[in-house]
Structure formats: C-alpha cells, structure tokens
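What follows is one structure encoded as structure tokens, with my remarks underneath.
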Amino acid sequence: VCTHRVRSCSSIRFIKSKYVCVFDKSALKFSHQQRLFRTSAASHGQIVQFKLSDIGEGITEVTVKEWYIKEGDSVSQFDSICEVQSDKASVTITSRYDGIIRKLHYSLDEIAYVGKPLVDIEIDASKAVAAAEDVVEAPPMSHEEHTHQEIKGHKTLATPAVRRLAMENNIKLSEIVGTGKDNRILKEDILNYLAKQTGAILPPSPKAEIIPPLPKSESVPAPAKDKARKIPVPVSRPIVFSGKDKTEPITGFHKAMVKTMNAALKIPHFGYCDEVDLTQLVQLREELKPIAQIRGVKLSFMPFFIKAASLGLLQYPILNASLDENCQNVTYKASHNIGVAMDTEQGLIVPNVKNVQVCSVFEIASELNRLQSLGSAGQLGTSDLTGGTFTLSNVGTIGGTYTKPVILPPEVAIGALGKIQVLPRFNGKGEVFKARIMNVSWSADHRIIDGATMARFSNLWKSYLENPASMLLDLK
C-alpha cells in the first residue's frame, strides 16, 4: 500500500496518490484514527458538574461565604472557586479541572450540601470522558484519602487575599512553595515568585506574617488608648423596630456551640477559683514588650499564661487527657495543644496553639498573633480549630472577675481568666502595697479529676506567674 501524502483535518478531504492504492479500512481505523479524525464534539466541550466533596469532621453542609469566580470565567486546576464556612472552620474550595465556569449553583450565604453540584464546568471534550468518570463513578473518599482540596498529595493553604493576588497575576498556587506554618503560602511567597519571573529584587521576607513595629512616636499614646477602652461604648448600628418576631436558623459556629454544649452537659463539672498577683509579671512584660515588637510580634499576657499552664500539665498530665464515651479508658495526650477562646463576629471560636510543651514564650506569642489575625478575618482552618487538649478563656479582656467555664469535650479541664485589677494587698511586713490582681476560675471533669489535683495544679500555675523567673528552671 503506497500513499504519497495524507492531509489530516476534521474529515479526510483528499488523498494524493502516486500509484493506485488499495488499503485495509480496519488498519486505517485503528492505527491512524487519532491522527486523521476529529469528532465534532471537540469544538463544543462537555459540561461536568463539580460536586462538593466530603471535607471531613462529619460535615454535611456548609455556607457559601464568597465566590472567587463568576460564570464565563476560565479556571485551572488548583484555582480557588469559593470559600465556604462550616460549623467548625472556613475552607477554600479549589478546582479539579481546567475549563470554563458555566453555572454557579448557589448564591452568597446559601447552604451547600456535600455531594451536591457546586458549579458546572465546561471542559475540553478530549478530557470529558475521563473527567465524567472521575466525578460519577469514583468511590466515596475516606478521611485519609484526598479531597478536591488535596490534589495529588498537595494541600494548598493560603488566605483568600493571597489566592486573589495569585489569580490577578495568573499564578498557580501549586507552583509556589509556602514558607508559613504547615507550608501555608504567604503574600511574600507570591511576591518572591513574581520577582524571580521578572528579575526584580525584593528584600528577604520574615518567617511568619509579621506586623512591622510602629515608630516610637506612634507608640507613645498607648496608655491613653487603654483608658478609653475601659468605658463601654454602645455598638454604633441603626436600630429598627419592626414590631414583628424574627426567626433565623442556627448556622455556622453557633451550630457547633449547640452540639458542644449538649455534649458538655453530660460532664459533672467541678469548680475551683483563686486570685493571682501579677505584679512581677506586669513588670517583666513591660521590659520584654518592646523587644518582641522589634521582632514583629505583639506580646500580651496570654503567652505567659499558656506556657505556665503547659509547665503545670507536665506535672499533672491527667488534666491534659481525654475520657472515652463509655468512661472505661483515659488517654493521656502527649502534645499540649492549648486552646484560646476568642470572641469574633462569627461567634465564639477556640483555636489552639499546637505543641506548647516545646515552644518558647516568643513562639507562642507569634502563633497567637497569627490565630488572632485569621480569627478576626474569619479565615481559621480546620487544623487550627481541632485537636485541642486544654483550654484557657481570657474573658477578662471584656470584663468580669469570676466565671464558670464549661468544659469542651473531649477535654477534661478549662480555665477562665478575669480582668487584671489594681487592688491593695499586704506584703510580708504587713505594709499595704498596690498589687495587680487577676482572678482565675477552673472547671474540671469530676469523673477523673478530684479537687485536690485541681488545686495543686492551680497553685503551681499561680507560682509560675507570681514569680516568672522561676519558669526559667523548667523551660524546655
């Protein structure tokens, strides 16, 4: 069989032959089909429904908080599609396919359900069959397997602002190596990547998202600012009296609070209260505060409270344990993942600082800065909000002295800190002096923790804070 030339296009238009040729149709069909033929479907593409996959933690529904794309936009794999919020955390959903967005199935603040279509994507017809099989016929994924947010073993962690910056510069996040915690991609990583592409020279970026220190001229009026905060100010929002009752569904973090508190009602709480003299700690913090500020970290009292609690947990590990549902086994946690209750616009959230037992006070302060900034923006991830083993609630930043904190299952203890007050106290010579007093309220699971253990732990924690220099002897 001899042919001089075969021209390929949407159909075979002509074959120039030098000789009279006889060829086998079946051979042409199987050996040259991909080169000689193109189906008409290729010019139109195929619509694939991109479904919301299981994001773990038993979550079945989420609220759509923000769309990063609109109908008609082109997307690639790993590009951000939207941000959703469950009753545990905010999650950014990324695309599994390259294609064009044809339909958004939900509006903002609507409830999206796991397993239901999220968007319709028009993909290349050459990839349509494989993609359709991937969506429809793939078996359900377990928690250990990948979801559409963890493709090919790469989990992309970045805030929406960083993702938007990457989209504006046509950068795939999968090509960026994150330098933040848990390989989180920071703004500096995007800028450094752009610099390599354009040849620009940027100054070296710090390890974490660090706020530069304020000039001394701006840091002077801080005391006056603190005085103003002591005066309660009503919320400046218009008040409308409609005269009608309003019913709203419980969603988001409020829904998580309902579940947690229902479980907490099964725990017999034991309460213990005391007061702590923080006079020496206040002086120490004032000395270290400008040093930490130069290093880009805001130093509050909370890192000292957290580290002192971790040192106490080393002596009383029963407080860093969990009890199974049948109350037959106690698990002593190796890591001190100490949660910090935060009041945000989304409600009460409790992110935790991981592995406090091996962290310095400065490292704890840096991590707290990160959690607080993400909490204020509503961008805390599931990893930040899960895995806690012990909790401290600093309700004193709002007001109050004593409270009755509620244990967060499966934890077995929690502490609530009151506000720091200037009160008169007596020294060893019987002389009155001005002391900085803070009240603390503990709650413990009385099924496995007795009052004496709680009191001894509180006394040890108190001694570390009243004599902060003594913490140096036990710091790791």
query = Points 7 angstrom from Cα along the Cβ direction at Thr179 and Ser74: gap in nanometres?
reply = 3.2 nm
request  = Taking the dipole about the Cα centre of the stretch 323-423, with the C-beta of Lys and Arg at +1 and of Asp and Glu at -1, give me whichever of Leu323, Val358, Leu423 is farthest to the positive side.
outcome  = Leu423
Radius, Kirkwood style, for the stretch 46-123 when every pair of distinct Cα atoms is counted (Å) = 12.4 Å
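If you take the square roots of the eigenvalues of the alpha-carbon gyration tensor of the stretch 269-473 and sort them as a ≥ b ≥ c, do you get rounded (a/c under 1.5), prolate (a/b over b/c) or oblate?
Values: a/c = 1.62, a/b = 1.16, b/c = 1.39.
The shape class here is oblate.
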query = When the accessible area of the stretch 359-476 is split by element with a 1.4 Å probe, what percent falls to carbon and sulfur?
reply = 55 percent
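Sorting check: for 419-426, 346-353, 271-278, which peptide has the highest mean count of neighbouring beta carbons within 10 Å, and how do the rest follow?
On the way: 419-426: 12.6, 346-353: 21.2, 271-278: 17.6.
Descending mean neighbour count gives 346-353, 271-278, 419-426.
The values are calculated or read from the model by the stated rules, or taken from the named source; none is laboratory data. A quick note: this is a predicted structure, and the numbers were derived from the prediction, not measured. Ideal geometry is used to build each Cβ from the backbone, glycine not excepted, and the neighbour counts take in all protein chains shown. Note: accessible area is taken over every heavy atom of the protein model, side chains too, but ligands, DNA and RNA are not part of it. Shrake-Rupley method; radii C 1.70, N 1.55, O 1.52, S 1.80 Å.
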